[in-house]
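The values are calculated or read from the model by the stated rules, or taken from the named source; none is laboratory data. Computed from a prediction, not measured in an experiment: that's the story for all the values here. Don't worry about glycine lacking a Cβ; one is built from the backbone with ideal geometry, like all the others, and counts go over all protein chains shown. Protein only, heavy atoms only, side chains kept; ligands, DNA and RNA dropped before computing areas. Shrake-Rupley method; radii C 1.70, N 1.55, O 1.52, S 1.80 Å.
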Amino acid sequence: MAGISIELKKLQGKGSIFSIIKTFAYSAVLSSGAWVISILGIIIASATAYYLVKNRDVVVDFQVTITYLVAISLILSGPFQLYFTRFASDLIFKKEFESVLPNFLGTMLLNMAAGFIFFIPLSLYLFKGISIVYILFSVFAFTSLCGLWIGSSLLTGLKSYNFMVYSFLFGYGLTIILIALFGKLGLDFLIFSFFAGQSIIFVLLVSAIMESYPSGGRLLAVDFLKNRTSYRSLLLTGLFYNSGLWADKFVFWFSPFTGYRAFGNLRVSIVYDIPVFLAYLSMVPGMAVFFLKLEGEFAGHYAKYYQAIIEGKTAEEIYNAGNRMILSARSVFFDVIRIQAIADILIVFMNLPLFKFFHLSYIYIPLFHVLLIGTMLQLVLMVLVGFFFYFDKVNDSLLVSFLFFALNFIFSAISIRLGPYFFGYGYAASILVCIIISAFLMRRFLHEIHYHTYMFI
């Protein structure tokens, strides 16, 4: 992430209003992560299909398919994303740049192969009764997504921000154009349009990575599988965290009280899906501030603290650097909460025009308010988990990720049993419990940070 912080500081240093807006925009895009970008992609692709195709049933089937492709591919790719990102960071730290690209290609192909094999039988079940052409393009799109998530996770460590942003814009732009040209021909052409757009993004991201790192004479490598010193717990952390992000959705989809069969064996929840997707998009301002403060401010204090230890500075200098780092972490935490709270308050005041613009029923507004609180809490949890990763507290991140998945699943199921007035509270309550535990663990660690630092030098 060093390259990101340097580039953001360059943009901030220009001092103009445009540079500040550009810095915030970069932070918003880079911090949003695959899951928020994917949700935005679902909304854009579905809205485009709705206005151009004019067939609501076809558009709903298309939207449901994309949602399942994105959700399952993110869950399957989650372990590889975190584990390989950590492995690549170690390679870069040791200046073994020639090993990054072969291992990236090996990880990506392994993930895509696993996704292809896993999704073939699953697609036959999910798309039961649908044409074989539709199933094939769904499998191809799913495989492309599995590779795309790995590429996007590594590309955030490079400085090619314009290229990354334009790649996503170009890919979704191609999807929109193809839907406009062929969407009226039916579902097969809609899913082909989505597959083509994701494939273009995938190719562009991989080409950028290949240009940024030398091959070192090897095309493919799987050294990360042989590395006994790597953090294997990150595999489970990625799996549980990404599963936790979608646990409440699957509960509402497959509950007989809130879900219904869309087509094939795909299920959706009219009550829950639209409000929760809109609530997720509300997180973008807070995530942008978090990313900007973390990489533009906290990262500097973090580096100075450990540099003071490595250089053998006096105890007073080390303690002062540590205190500045802790104060910076506290500033990041409260600034994110402050900005997101302001954004949510503005959204609440804009409820009626917002729902009118999206042609949504006002009956969703109470649930939307609950989910706004839930997504704000999720942003707070992301801040704490981000600090866990910074300080290599991998076991703590694994514990919190598992609790997030388990509690979100259990509490969401309970909320359905309690009735419509409790929808969304299970999601929010599960995150609140995880925040309390995470805050306790992080506070205890920061209070004893000098002890932990010297114990593991």
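Table for the structure above
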read-out	value
C-alpha long axis of helix 284-293 to longest principal axis of the chain, angle in °	20
Under DSSP loop assignment and at most 16 Cβ neighbours within 10 Å, longest trypsin sites (Lys or Arg not before Pro)-free interval of the chain	314-457
Exposed-site-free run, longest, the chain (rule: GluC sites (Glu not before Pro); DSSP loop; at most 11 other C-beta within 10 Å)	1-310
Full-stretch length increase - Leu109, Phe254 - with 0.36 nm per residue and alpha-carbon distance subtracted	49.0 nm
Shape metrics for the stretch 54-187, restricted to C-alpha atoms - Rg then Dmax, Å	17.2, 55
Long pairs among Lys249/Lys293; Lys128/Lys184; Lys293/Lys393; Lys184/Lys249, criterion Cα-Cα beyond 26 Å	Lys249/Lys293; Lys184/Lys249
Full-stretch length increase - Lys226, Ala341 - with 0.36 nm per residue and alpha-carbon distance subtracted	36.9 nm
Neighbour count of at most 16 Cβ within 10 Å plus DSSP loop: longest chymotrypsin sites (Phe, Trp or Tyr not before Pro)-free window in the chain	1-256
Rounded tilt (10° steps) of 132-155 against the dominant C-alpha axis of the chain	20
Euclidean distance between Cα centres, the stretch 380-415 to the stretch 182-254, Å	21
Carbon + sulfur, % of accessible area of the chain - ligands and nucleic acids excluded, 1.4 Å	71
Efficiency of FRET between Glu311 and Val348 - r from beta-carbon atoms, R0 35 angstrom, step 0.05	0.10
Global geometry of the stretch 348-402, whether rounded, prolate or oblate, following the gyration tensor of its Cα atoms and the 1.5 cut on a/c	prolate
Rg in Å to one decimal, and Dmax rounded to a whole Å, for the chain via C-alpha atoms	22.3, 73
Length-normalised contact order of the chain in % [C-alpha pairs under 8 Å, at least 6 apart]	19
Cβ-based net charge around Thr67, under 9 Å, with every Lys or Arg adding one and every Asp or Glu removing one	0
